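Accompanying notes for the structure given below.
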Amino acid sequence: DRDDVTAVITRAMALLSEHGRTLPTSAPDEYDAIESGPDHLVDIHGAMQGEERVRTQIVLRRLAESNPGEYGGWSFPDLADALAEHGIAARKSHGVMVVHTADLSRALTDRDDDDA
């Protein structure tokens, strides 16, 4: 029922602060979060809802439903530009333009490998 740890941690943190040292944190920097904005690649991947391929019109609708402030005004050129940033292009399948989940997954994996 005794809390001996809190006092030790508080003192250690005070000593670090006195010497101008800080500890790394896993919390995202608020400034970085504001600057980076939404992750279009992740959002598009989420809009696929696990389907192998989805018509571009459906992707746009799902994006707008999930984040109207960001994607409400998007059109096909906006989607195409966001995909092109990662080397992806919508392709025709059965006469309609679609986005393939495999392309998005590959781009996410490549990006994660580059970040590591």
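Residues of the chain: accessible area per residue at 1.4 Å, in Å²? Provide the component values of the computation, followed by the final result.
Working: 8320 Å² over 116 residues.
Normalised by residue count, the accessible surface of the chain is 72 Å².
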Share of carbon and sulfur in the accessible heavy-atom surface of the chain [1.4 Å probe, %]
51
Angle check, please: helix 56-66 long axis (alpha carbons) against the longest principal axis of the chain (alpha carbons), in degrees 0 to 90, nearest 10.
30
Mean-square fluctuation maximum in Gaussian network of the chain, Cα pairs under 10 Å, restricted to His45, His94, His86, hits His94
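The values are calculated or read from the model by the stated rules, or taken from the named source; none is laboratory data. Only a predicted model underlies this, so the values are computations on that prediction, with no experimental measurement involved. For accessibility, only protein heavy atoms count, side chains too; no ligands or nucleic acids. Shrake-Rupley method; radii C 1.70, N 1.55, O 1.52, S 1.80 Å.
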